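Shown next, in structure tokens, is the structure this report addresses.
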Amino acid sequence: MKNLIFSNNDKMPVLGLGTWKSKPGEVFDAILEAIKVGYRHIDCAHIYGNESEIGEALSLAFSSGIVDRKDLWITSKLWCNAHKKEAVIPALNKTLSNLKLDYLDLYLIHWPVAFSPDIYPTQAEEYISLDDIPLSETWEGMGEAQNQQLCRHIGVSNFSVLKLKNLISESSIKPEVNQIELHPYLQQNKMLDYCKKQNIFLTAYSPLGSSDAAKMLSKSNNPTLLEHPDIMTIANENNCSPAQVLIKWAIERGTSVIPKSVNPDRIKQNFDAAKVALSTENMDLINRLDLNFRFVDGTFWVMKGAPYTLENLWNE
């Protein structure tokens, strides 16, 4: 498996298992199956509500000798209610306890959004503006967590180019990863170019065009990426699935990619996407599909009277 190599020579496998929307009762088996298939990169987050079950699976994988801890790359994310500097390490310690780990390989600020409730705000007053808790303050807490060796690397998620630039200008520590929605309908070429120049790795979430996420987020009439005629044609040409085409496209662009599944057959099929050989013509055809379309567009952070809008979230 190809890796993205950090400045200290740590290696993050380009293909990982996503766990967003993986339900309790399903994710335990999915983690064990993925590790047995060959996955060595697992992507988690506190807000997914399944880290304790993932921890049970990891503990069993280690104790039974399926894999050693040092051979796994585990990512998790700081939720939006813990953006104060002094709240970062307690939040990380909770995640480590749930996952039954001593450290994470990568810890990310999940969203550039702050609020006070444990889960989601229900009223505008519960949001906290980035003037009151600047991202630079949260980033200081992330740096301290890294200094305490609770995580080996730190980064962000859902950050715009402008937010990355501002964070870099305000800190001596550069984010090492930005995890963003990334697929042929949202190719984010400006972000890709900027991050390559800054030696920041990109991780693609919702790489298959998250139709199930759209349903969860009460969106409808979205384009269906897996059924796009060009994607299906390329899949037929290469004797592979449309999902494998999309995963390999992400890998070919130099990003890591974290497709989610709890289905054993799809877990293996997604892993085997690394073996697909897309031609230059295949890549060029996919590159023409960009719609600048977000399945996870951030409207759930927009509330009358609250400080967040789609314009200041994405800076577009």
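The values are calculated or read from the model by the stated rules, or taken from the named source; none is laboratory data. Predicted, not measured: the structure shown is a model, and the values here were computed from it. Every residue, glycine among them, receives a Cβ derived from its backbone with ideal geometry; neighbour counts consider all protein chains shown.
Of everything in segment 140-167 that is over 9 Å from TYR107 (Cβ atoms) and small (Gly, Ala, Ser), the residue that is nearest to the chain's Cα centre (by Cα) is SER157.
Output the number of residues of segment 16-43 satisfying the condition of being touching a residue at least 60 places away in the same chain (Cβ under 8 Å) and under 19 Å from ALA61 (Cα atoms).
Summing the residues that are touching a residue at least 60 places away in the same chain (Cβ under 8 Å) and under 19 Å from ALA61 (Cα atoms) in segment 16-43 gives 16.
A quick yes/no check of all residues on (1) buried (at least 19 other Cβ atoms within 10 Å of the Cβ); (2) at pLDDT below 95; (3) of a type in the set (Gly, Ala, Ser); (4) in a loop (DSSP other than H, G, I, E, B):
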site: CYS195; (1), (2), (3), (4): yes, no, no, no
site: ASP212; (1), (2), (3), (4): no, yes, no, no
site: ASN236; (1), (2), (3), (4): no, no, no, no
site: TRP249; (1), (2), (3), (4): yes, no, no, no
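When segment 53-94 is filtered for residues that are within 23 Å of MET142 (Cβ to Cβ), among the small types (Gly, Ala, Ser) and touching a helix residue (DSSP H, G or I) at 6+ places or on another chain (Cβ under 6 Å), the ones remaining, listed by number, are GLY55, SER76, ALA82, ALA91. For segment 254-276, a tally of residues being more than 15 Å from PRO13 (Cα to Cα), among the hydrophobic types (A, V, I, L, M, F, W, C) and at pLDDT 95 or above returns 2. LEU310 passes every criterion in (1) out of contact with any Gly (no Cβ under 9 Å at 6 or more places or on another chain); (2) under 30 Å from ASP132 (Cβ atoms); (3) modelled with pLDDT of 95 or more apart from (1). For the structure I just gave you, tell me whether GLU56 is at pLDDT 95 or above, among the charged types (D, E, K, R), surrounded by fewer than 24 Cβ atoms within 10 Å (Cβ to Cβ) and farther than 24 Å from ALA274 by Cβ. Here the answer is yes, as GLU56 does meet what is asked. Filtering segment 2-37 to residues that are among the basic types (Lys, Arg) and over 14 Å from TYR48 (Cα atoms) leaves LYS2, LYS11, LYS36. Can we say GLU125 is touching a residue at least 60 places away in the same chain (Cβ under 8 Å), surrounded by fewer than 20 Cβ atoms within 10 Å (Cβ to Cβ) and either in a helix (DSSP H, G or I) or more than 22 Å from the chain's Cα centre (by Cα) (or both)? Yes.
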